[in-house]
Amino acid sequence: MKFKVNGHEVFASTGGRPFDKKKPLIIFVHGSGLTHMTWVLQTRYFAFHGYNALAIDLPGHGLSSGESLKSIEEMADWVNDVIDAVGHKEASLVGHSQGCLVTVECTSRYPDKIKTLSLMGGAGAIPMNPELLSLAENNDPKAVDLMMDWAHGPAGHFGGHPVPGLYHINTGTMLAKSRTIQNTLGVDFRACDNYKNGFEAAKKIKCPTLSILATDDKMCPVKEGKKLASLIDGSQVDIIDNCGHMMLLEEADRVLTVLKKFITTNYPPLSS
Amino acid sequence: MSDKKKELKPNTYKFDTLSLHAGYQPHKNAGSRQVPIYQTTSYLFDDVDHAAALFNLERGGHIYSRISNPTVGVLEERVASLEGGTAALATSSGMSAIFLTVMTLCEAGDHLVVSSQLYGGTVNLFRLTLPKFGIKCTFVKPRDTEGFKKAIQKNTKGIFGELVGNPGNEIMNMPEIAKIAHDAGIPLMVDATYQTPYLCKPFEHGADIVIHSLTKWMAGHGSSMAGILVEGGKFDWMQNDKFPTMTKPYEGYHGLSFAEEFGPTAFTMKARAEGMRDFGPCLSPQNAWNVLQGIETLSVRMKKHCSNAEEMVKYLSNHESVAWVSHPSVPDHPDHELAKKLLPNGRGSMIAFGIKGGKDAGVAFINNVKLASHLANVGDTRTLVIHPASGTHSQMDEATLKFAGLSHDMIRLSVGIEDIDDIKNDFEIGFRAARKPRLVSNQ
Ligand SMILES: Cc1ncc(COP(=O)(O)O)c(C=O)c1O
């Protein structure tokens, strides 16, 4: 669906079900340079089971208009504006990679509004390789190729997508190249690199939190994810073997099973 | 110590590695090094919730082998990876892949612009069968790039062609025709059966959907029928209102908007969810496995196919019984330069040549060769020959034959990977026989 936030049109997938104000809201926040489409194997489930599942495209990404936001803090405020814009008072947040920085910051800023937080491939800080950052800022498609290489674990490099017929490295590449690289990936990488408040923000989080980490994640290694989780009161951690940073696609089923249990327990759906 | 930092390089697997490994993880399959043949019709649901999730496309997984099968799925991913595509859907034959592509794209009342030089079966589909479904086509000669533009109408939903026309070896200017398609907001579909991704990756030249008859060089051993459609993932279905069944909540699949939900894989998702459900041309797991065996050696075979073909071009060009030879490697072939650009790894193993003495000589040649097989296929490991005017294109009248770039003296040769001297010796037998009827009739 489309709606306006700060005068710009925002696109969010509703997982194939119409938006229904009565249902609790889950907002899915994608990673650097990507779009709502990375969440397709999680959102549709929640949409069909008593939730509004909104997989948003950040401004300037995917099908959303406007310019890309330049800092994680701005993105965090923007996610809060999304909750208001769709007429809800509260929400659960799910983030992947950069989306973890955004949702951690957002939860710390709006503790009364955010009911649960789920982090995938998250860390308290995501310092960027300077060369990768420079390639992305210079609109070089090699930045996307490098990201796809590092973001997939050894198993993911072979393929074996849960949806028959899809080859996920190429699908990810197409998503990351769907808009101008320097305006999406370039701006996002710089925002990640600049963000220093992750660990402080984490300490303020009181809502139930889940971290899903993967043993072969090179971008946000398990060690970093655990460090972040250790700062959040009562945070649950689930570690997936033989999987890389793109766990939401590489191990979509496992991720959905863990996420489903966590969210339905801590933020129950509208029963039909 | 050198202070020059090593340049960052992506380490994703390359072509030869992907052709052996892509789409398959042994540790998820009991450690089986070979891809298992999942000889089953259907798959257990964990519970009712899981069943519903699979039907609603909430989760990935298999339901029923008409829609998808794990062995077939490995093949689909493997070909998608080799082509540089986002997704693929394998079918029971090349023809069903073409039909499914058109039916996923078009509705009654739509129109396609189609290259006139196509495999005979494809010509019949576009000329005679699709009109029965209300889908009309305008044929344009492959070299008439401007003609493709002129033929586009308001209701045109795509352009379709074979990169190297069959069997006249005319090459369409794919990058320019892709631009024409994209300026009109429609996709370019390319049948790249003759090239395989080893010789050309059409997505790199602007194609949006690639189709293969896997029956040919991809499987390579003349054992199994199979086809596939591959999606490039770049085409923006939402840029105009030409493709409502892709972009609007679609009644044909529980109100799903394929483009919104699946973006770069939307076409394949729709072709599977709707097309396999309603038409059902599914590939058997055994045949998928046979094709996978072939793809393992694709590079090795294609190299030999191409080097043998170039040898045969030289041999035929210098032969007294041969009137003309058509192959993109011949310097005076009208598309010689374009072929260099589009087919840098080799120009393919299909040769057309004219035999002196016309139709009768052609028939005598075909009837007398011993090693080359006379049959209606191409892209076998073995050398194949056919005389289109009396075989594959025999339903065509004189004028249609000419429009399709054919002539009565034309022999179509699919060069195999046998020892080159044995192929040449066999052709000598054929040529000797072909000269005889002329000697007799001249007396
Ligand atoms: C270029 C081309 N496309 C499609 C086909 C049809 O494929 P199949 O025979 O696998 O149905 C053929 C078959 O000869 C072909 O040569």
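The values are calculated or read from the model by the stated rules, or taken from the named source; none is laboratory data. Please read all numbers here as calculations on a predicted model, not as lab measurements. We place every Cβ from the backbone using ideal geometry, glycine too, and count neighbours over all the protein chains shown.
Here A:Gly16 does not fit the description of being over 18 Å from A:Lys113 (Cβ atoms), assigned to a loop (DSSP other than H, G, I, E, B), within 12 Å of chain B (Cβ to nearest Cβ) and within 18 Å of the chain's Cα centre (by Cα).
For residues in the stretch B:156-181 being over 20 Å from B:Cys106 (Cα atoms) and within 11 Å of the ligand (Cβ to nearest atom), which is farthest from the other protein chains (Cβ to nearest Cβ)?
Of everything passing the filter in the stretch B:156-181, B:Pro167 is farthest from the other protein chains (Cβ to nearest Cβ).
For the stretch B:12-29, filtered to residues that are surrounded by 10 or more Cβ atoms within 10 Å (Cβ to Cβ) and of a type in the set (D, E, K, R), the residue that is farthest from the other protein chains (Cβ to nearest Cβ) is B:Asp16. Looking across B:Leu130, B:Leu54, B:Leu105, one residue alone is within 16 Å of the ligand (Cβ to nearest atom), more than 8 Å from chain A (Cβ to nearest Cβ) and either more than 24 Å from A:Leu175 (Cβ to Cβ) or not charged (D, E, K, R) (or both). It is B:Leu130. Note on the stretch A:245-272: residues that are within 12 Å of another protein chain (Cβ to nearest Cβ) and of a type in the set (Ser, Thr, Tyr) amount to 2.
Remark: pairs (first residue in the stretch B:306-323, under 17 Å from B:Ile429 (Cα atoms); second residue of a type in the set (Phe, Trp, Tyr); Cβ separation under 6 Å; 6+ apart in sequence or on different chains) = B:Leu316/B:Phe353; B:Ser321/B:Phe431; B:Val322/B:Phe353.
Restricting attention to the stretch B:206-216, which residues are over 19 Å from B:Trp237 (Cα atoms) and either surrounded by fewer than 24 Cβ atoms within 10 Å (Cβ to Cβ) or away from the ligand (no atom under 13 Å from the Cβ) (or both)? The answer is B:Lys216, and nothing else. Among the residues of this structure, B:Phe262 counts as one that is more than 16 Å from the ligand (Cβ to nearest atom) and modelled with pLDDT under 95.
Put simply, of B:Gly405, B:Gly379, B:Gly354, B:Gly358 the only residue that is buried (at least 23 other Cβ atoms within 10 Å of the Cβ) and either under 22 Å from B:Met218 (Cβ atoms) or not hydrophobic (A, V, I, L, M, F, W, C) (or both) is B:Gly379. For B:Gly391, the test of being within 16 Å of the ligand (Cβ to nearest atom) and away from chain A (no Cβ under 14 Å) is passed. Taking residues in the stretch B:107-134 that are closer than 30 Å to B:Ala352 by Cα, and partners anywhere that are within 16 Å of the ligand (Cβ to nearest atom) and of a type in the set (Ser, Thr, Tyr), the pairs with Cβ atoms closer than 9 Å and at least 6 places apart or on different chains are B:Val114/B:Thr122; B:Tyr119/B:Thr193; B:Tyr119/B:Ser213; B:Tyr119/B:Thr392; B:Gly120/B:Thr392; B:Gly120/B:Ser394; B:Gly121/B:Thr392; B:Val123/B:Ser116. Go through the stretch B:75-86 residue by residue and tally those that are more than 7 Å from chain A (Cβ to nearest Cβ) and either outside any helix (DSSP H, G or I) or within 16 Å of the ligand (Cβ to nearest atom) (or both). Total meeting the criteria: 3. For the stretch A:177-200, the tally of residues that are within 14 Å of chain B (Cβ to nearest Cβ) and among the basic types (Lys, Arg) stands at 2.
With a requirement of 1 or more residues that are more than 28 Å from A:Lys218 (Cα to Cα) and out of contact with any helix residue (DSSP H, G or I) (no Cβ under 8 Å at 6 or more places or on another chain), the helices (runs of 4 or more DSSP H) lying completely within the stretch A:27-131 that satisfy it span A:40-47, A:72-85.
Restricted to helices (runs of 4 or more DSSP H) entirely inside the stretch B:91-182, those with at least 1 residues that are within 14 Å of the chain's Cα centre (by Cα) are B:94-105, B:120-124. With respect to the conditions (1) modelled with pLDDT of 95 or more; (2) facing chain A (nearest Cβ under 7 Å); (3) not in a helix (DSSP H, G or I), B:Ser32 falls short on a single one, namely (2). All conditions in (1) more than 9 Å from chain A (Cβ to nearest Cβ); (2) under 23 Å from B:Val291 (Cβ atoms); (3) not in a loop (DSSP other than H, G, I, E, B) hold for B:Gln39, with the sole exception of (3).
Got at least one residue in the stretch A:124-137 being surrounded by 20 or more Cβ atoms within 10 Å (Cβ to Cβ), within 17 Å of the chain's Cα centre (by Cα), more than 11 Å from chain B (Cβ to nearest Cβ) and modelled with pLDDT of 95 or more? Looking for residues that are surrounded by 20 or more Cβ atoms within 10 Å (Cβ to Cβ), within 17 Å of the chain's Cα centre (by Cα), more than 11 Å from chain B (Cβ to nearest Cβ) and modelled with pLDDT of 95 or more, one finds at least one in the stretch A:124-137, hence yes. Just one of the listed residues (B:Val72, B:Val35) is assigned by TED's automatic domain parsing to the domain that holds B:Pro285, closer than 24 Å to B:Met225 by Cβ, more than 23 Å from the chain's Cα centre (by Cα) and in contact (Cβ under 8 Å) with a residue 12 or more places away in the chain, and it is B:Val35.
Taking B:Thr71, is it buried (at least 17 other Cβ atoms within 10 Å of the Cβ) and within 16 Å of the ligand (Cβ to nearest atom)?
No, not satisfied.
Determine whether B:Asn367 is in contact (Cβ under 8 Å) with a residue 12 or more places away in the chain, more than 16 Å from the ligand (Cβ to nearest atom) and away from chain A (no Cβ under 14 Å). When the stated conditions are applied, B:Asn367 passes them. Being over 20 Å from the mean Cα position of the chain (by Cα), among the polar types (S, T, N, Q) and within 14 Å of chain A (Cβ to nearest Cβ) is a property that does not hold for B:Thr268.
Residues in the stretch B:217-246 that are surrounded by fewer than 22 Cβ atoms within 10 Å (Cβ to Cβ) and near the ligand (Cβ under 10 Å from one of its atoms) were compared, and the one that is farthest from B:Glu418 (Cα to Cα) is B:Met225.
When the test is whether a residue is more than 8 Å from chain A (Cβ to nearest Cβ), surrounded by 15 or more Cβ atoms within 10 Å (Cβ to Cβ), touching a Gly at 6+ places or on another chain (Cβ under 8 Å) and modelled with pLDDT of 95 or more, B:Leu89 does not pass it.
Conditions (1) more than 14 Å from every other protein chain (Cβ to nearest Cβ); (2) surrounded by 23 or more Cβ atoms within 10 Å (Cβ to Cβ); (3) outside any loop (DSSP other than H, G, I, E, B), marked per residue:
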residue	(1), (2), (3)
A:Leu175	no, yes, yes
A:Ala202	yes, yes, yes
A:Cys207	yes, no, no
A:Ile212	yes, yes, yes
A:Asp217	yes, yes, no
A:Lys227	yes, no, yes
A:Cys243	no, yes, no
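Scanning the stretch B:182-205 for residues that are among the aromatic types (Phe, Trp, Tyr) and either within 14 Å of another protein chain (Cβ to nearest Cβ) or within 13 Å of the ligand (Cβ to nearest atom) (or both) yields a total of 2.
Being closer than 30 Å to A:Leu132 by Cβ, away from every other protein chain (no Cβ under 12 Å) and part of a loop (DSSP other than H, G, I, E, B), is that true of even one residue in the stretch B:4-11? Yes, the stretch B:4-11 contains a residue that is closer than 30 Å to A:Leu132 by Cβ, away from every other protein chain (no Cβ under 12 Å) and part of a loop (DSSP other than H, G, I, E, B).
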